[in-house]
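Down below is the structure, laid out as structure tokens.
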Amino acid sequence: MRPSFVLTFLLVLGIAGMAPAEETGKRGEASIIPAPTLLVADGLNTDGSLVKHYRRGLDYAIDYFGNYGPYYVYLLSSDSENSVRQIYLQRAKNRINRNSKISTAEEQVDEFLKRHNVINEIKAVLAGKAEGGLTWTQNPPILYEDVTTNAKGREKDPLENTWGALHEYHHVFQMAHCDTKQSRSSDKHINSWMAEGMASYSSAKFMENLGLINFEDYMLKLKKSGGNIGRPGINEYVAQHPNWQLKNEAYWEEGGSAQIYYMLGAWATAYLIHVKEVKEVVVLKEWYFDIPKLGKSAAFKKHMGLSLSEFYQEFRPFILQPDDKVMQIFKPTRKVQ
């Protein structure tokens, strides 16, 4: 497993000697990318368990997908405002583009710290609000960040801590093979159900591989209750919204993103692996390599064996079947429907 560097920011520790990330060339060139860096705020990880359980997931994901980045993990809390502000200063330094011809390093740091979203995020940290998630830069230096504004919850829940690390790193891999400046409906980017659904499937499957959960039980919970993603589950949602569409990108604003992109997306991933019998590593990993060259639609058809439109037509009647019927796809002796 690749090591992760852990930086704990206490009041007595400075960061002046830390070097910002340099531009790393092409997005996703794993051979020249450093190991992930974890930046942990004062007041967290006093017994080492927060980082231990995060790394349990992160290390597994890197072993599977490869090392992409640079990747910075920010585990924050409201215990020390000075510690939080020192971390955000370092976050700004990590984003410095040394090749910029329009602004100095100091100007870039100042600009980042004055952004409204950054100011509001710091306020959320200091207020103890649980927000955040994966973000990335669109311009050099290309880097990825997993931000948890209140990591107290992660510290108290080792399973969800590991699970979240697995889920977010799959996104790092995904975004490294997409043109993230394009819309989700673009052929150079992946749909939300692919991003969230495949990461939901992979993280649950990897959690089972680590001996932490039962994967089939989890998939059934997505149908019945929504599991650890939200309420309602798939069954209730599709009954109330019969015109749902997996490819529709409007659910982030309209509501229903949890059910469509995460839950149904996870089951769509399961359909490809367990019904269409595409190898798991192809669905979760290998088809992404062709997206930059071929585009999403052609890459999907090449690796999955059917077009996206054909897939949507097949998946809808499948997922609307009773729970005991759809759960048969996980049985070794099942018949492919």
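The values are calculated or read from the model by the stated rules, or taken from the named source; none is laboratory data. Note that this is a predicted model, so its numbers are computed, not measured. Because the Cβ atoms are built from the backbone with ideal geometry, glycine has one as well, and the counts that use them run over all protein chains shown.
The table for this structure:
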read-out	value
Qualifying residue in region 208-217 (condition: in contact (Cβ under 8 Å) with a residue 12 or more places away in the chain, of a type outside the set (S, T, N, Q), in a helix (DSSP H, G or I) and buried (at least 21 other Cβ atoms within 10 Å of the Cβ))	no
Of all residues making up region 169-183, the number that are closer than 15 Å to Y71 by Cβ and either of a type in the set (A, V, I, L, M) or free of Cβ contacts under 8 Å to residues at least 40 places away in the same chain (or both)	4
Hits in region 218-261 - residues which are acidic (D, E) and in a loop (DSSP other than H, G, I, E, B)	E249
Selection count, region 262-317, where residues are closer than 22 Å to L220 by Cβ, out of contact with any Gly (no Cβ under 8 Å at 6 or more places or on another chain) and part of a helix (DSSP H, G or I)	13
Residue within region 81-88 that is assigned by TED's automatic domain parsing to the domain that holds G69, within 16 Å of T149 (Cβ to Cβ) and among the aromatic types (F, W, Y) present	yes
Residue in region 131-148 that is surrounded by fewer than 18 Cβ atoms within 10 Å (Cβ to Cβ) and closer than 15 Å to Y54 by Cβ present	yes
Residue check, K285 basic (K, R), within 20 Å of the chain's Cα centre (by Cα) and surrounded by 22 or more Cβ atoms within 10 Å (Cβ to Cβ)	no
Selection within region 246-266 - touching a residue at least 60 places away in the same chain (Cβ under 8 Å) and surrounded by fewer than 14 Cβ atoms within 10 Å (Cβ to Cβ)	W252
Unmet requirement for G133, which otherwise passes all of (1) in contact with a strand residue (DSSP E or B) (Cβ under 9 Å, 6 or more places away or on another chain); (2) closer than 30 Å to S307 by Cα; (3) not in a loop (DSSP other than H, G, I, E, B)	(2)
So W163, is it in the same structural domain as I32 (by TED's automatic domain parsing), surrounded by fewer than 21 Cβ atoms within 10 Å (Cβ to Cβ) and modelled with pLDDT of 95 or more	no
